[in-house]
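Below: the structure, in structure tokens.
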Amino acid sequence: MITADQLKDVLDRTDALKRYLNIDSKLIQVEEEQLRTQAPGFWDDPKTAQAQMKKVKDLQAWIDGYKEVRGFVDELVLAMDFFKEELVTEEDIDNNYERALQAVESLELKNMLREEADEMDCVLKINSGAGGTESQDWAQMLMRMYMRWGEDNKYKVTVADLQEGDEAGIKQVTLEVEGPFAYGYLKGENGVHRLVRVSPYNAQGKRMTSFASVFVTPLVDDTIEVAINPALMSWDTFRSGGAGGQNVNKVESGVRLRYQFKDPYTGVEEEILIENTETRDQPKNKERALQHLRSILYDKELQHRMAEQNKIEAGKKKIEWGSQIRSYVFDDRRVKDHRTGFQTSDVNGVMDGHIDGFIKSYLMSSAGADEQSMV
């Protein structure tokens with residue numbers, strides 16, 4: 001049975017969410033924005049119209065999210081009254097409390113995703129590290145983990161490009177994750193993921209350490225302006241590999257895009273290489289490759305802004321892109337995030353995609369106590 005303090009905490013946090021999210025202001029704003037969609041000739045400019053419809057949808061999503069939380073909390077308060085009259089059990093009260101608390105925490109977490117890119121879809125790329133078959137198997141395990149996470153959260157996950165391992169596993173894979181705030185939730189997965197286990201590929205049964213890197217970028221759409229210099233691009237085509245399909249290994253539908261990028265802030269030059277074998281239609285693959293390029297260039301600008309912000313706000317936790325972020329130690333039944341200290345013994349659950357605890361702890365740590373009360 002919950003305590004009076006637990007009930008007060010849920011009520012206080014719900015009232016705080018109403019203030020932080022400016023719900024009263026959003027109710028007025030969404031009516032004004034909806035009126036604009038009813039103007040004559042609204043769809044004469046489809047791009048502008050779609051942007052306006054998205055604005056309305058985003059505002060309504062915050063309002064609906066708060067209404068859902070308030071509904072669960074009101075049910076909890078009502079259940080407490082019924083309990084006094086012996087109409088419900090302690091178990092009923094506890095179930096109502098868990099449902100209300102989960103809804104509050106979910107909306108609080110979403111409230112931390114306030115950057116422009118957070119609400120976008122994302123591209124998630126996994127590369128196996130040195131170590132041959134063991135690392136390639138680890139990369140495939142991570143791919144499965146993220147695909148299961150996407151499935152559990154009702155995101156659409158598409159394999160845009162995959163290079164299979166020599167004997168087992170994969171050398172690398174590019175996934176597109178589509179759904180609300182996909183980038184915001186997954187951006188903290190950037191970095192090196194370390195596996196420690198007794199390898200099934202080692203004849204002596206030795207404990208081995210493997211690495212795989214994860215790189216997440218927002219998947220930009222036509223509403224985001226990104227400058228691409230065509231003179232710096234070159235294309236190759238190749239025959240898609242893999243089993244099955246009538247034109248596999250017969251038609252050069254796979255595309256490889258090379259872009260000679262020079263960082264405008266540091267002057268460092270690098271070649272960006274993107275491959276796409278998502279469909280059997282070469283023009284569509286080229287279009288997706290270009291979208292990935294725009295996403296990478298957009299992400300580089302985001303990283304620059306983040307670095308500048310970290311210099312100014314030295315007290316905030318810096319995000320180390322590309323550093324080792326998490327260890328998965330199978331024998332000890334432990335998965336630990338080195339940035340936040342969050343850990344769990346549910347190794348099987350994590351590998352089945354239950355990584356919300358890591359996502360939440362990262363977002364809370366990155367936001368900082370001073371930001372958690374802002375919209």
Counted residues, the range 125-138 - those being within 18 Å of the chain's Cα centre (by Cα) and open to solvent by 30 Å² or more (accessible area, probe 1.4 Å): 2
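Can you work out which of the residues in the range 60-79 that are among the aromatic types (Phe, Trp, Tyr) and within 10 Å of residue 107 (Cβ to Cβ) is most open to solvent (accessible area, probe 1.4 Å)? First the steps, then the outcome.
At the first step, the residues of the range 60-79 found to be among the aromatic types (Phe, Trp, Tyr) are 62, 66, 72.
Next cut, within 10 Å of residue 107 (Cβ to Cβ) only: 62, 66.
Numbers: 62: 43, 66: 17 Å².
So, considering only residues that are among the aromatic types (Phe, Trp, Tyr) and within 10 Å of residue 107 (Cβ to Cβ), the one most open to solvent (accessible area, probe 1.4 Å) is 62.
Would you call residue 318 surrounded by fewer than 17 Cβ atoms within 10 Å (Cβ to Cβ) and either of a type in the set (D, E, K, R) or at pLDDT 95 or above (or both)?
The answer is yes for residue 318.
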Residue 168 touching an Asp or Glu at 6+ places or on another chain (Cβ under 6 Å) and small (Gly, Ala, Ser): yes
Among (1) under 27 Å from residue 13 (Cβ atoms); (2) out of contact with any His (no Cβ under 9 Å at 6 or more places or on another chain); (3) open to solvent by less than 20 Å² (accessible area, probe 1.4 Å); (4) of a type in the set (A, V, I, L, M, F, W, C) - the single one residue 112 does not satisfy: (3)
Matching entry among 141, 120 (being open to solvent by 20 Å² or more (accessible area, probe 1.4 Å), under 14 Å from the mean Cα position of the chain (by Cα) and closer than 30 Å to residue 240 by Cα): 120
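Find the residue count for the range 108-130, including only residues that are more than 22 Å from residue 274 (Cβ to Cβ) and in contact with a Phe, Trp or Tyr (Cβ under 7 Å, 6 or more places away or on another chain). Break it down into steps so the answer makes sense when it comes.
Going through the range 108-130, the residues more than 22 Å from residue 274 (Cβ to Cβ) turn out to be 108-116, 118-119, 130.
Pick out the ones that are also in contact with a Phe, Trp or Tyr (Cβ under 7 Å, 6 or more places away or on another chain) and you get 110-111, 113, 118-119.
Number satisfying all stated conditions: 5.
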Residue check for residue 172: buried (at least 19 other Cβ atoms within 10 Å of the Cβ) and closer than 18 Å to residue 277 by Cβ: yes
Odd one out for residue 156 among (1) under 23 Å from residue 201 (Cα atoms); (2) open to solvent by 60 Å² or more (accessible area, probe 1.4 Å); (3) under 15 Å from the mean Cα position of the chain (by Cα): (1)
The range 184-226, subset out of contact with any helix residue (DSSP H, G or I) (no Cβ under 7 Å at 6 or more places or on another chain), in contact (Cβ under 8 Å) with a residue 24 or more places away in the chain and of a type in the set (A, V, I, L, M), residue farthest from residue 288 (Cα to Cα): 198
Enumeration of residues in the range 85-109 that are buried (at least 18 other Cβ atoms within 10 Å of the Cβ) and either within 30 Å of residue 171 (Cα to Cα) or not β-branched (Val, Ile, Thr) (or both): 96, 97, 100, 101, 103, 107, 108, 109
Residue count for the range 321-359, restricted to those that are open to solvent by 10 Å² or more (accessible area, probe 1.4 Å), touching a residue at least 40 places away in the same chain (Cβ under 8 Å) and among the polar types (S, T, N, Q): 2
Residues of the range 175-202 that turn out to be farther than 30 Å from residue 334 by Cβ and either polar (S, T, N, Q) or open to solvent by 20 Å² or more (accessible area, probe 1.4 Å) (or both), as a count: 2
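The values are calculated or read from the model by the stated rules, or taken from the named source; none is laboratory data. Just so we're clear, the structure is a prediction, and the values are computed from it rather than from any experiment. Reconstructed Cβ throughout: ideal geometry from the backbone, glycine too, with neighbour counts over all protein chains shown. Quick note on the areas: whole protein, heavy atoms, side chains included, nothing else; ligands and nucleic acids left out. Shrake-Rupley method; radii C 1.70, N 1.55, O 1.52, S 1.80 Å.
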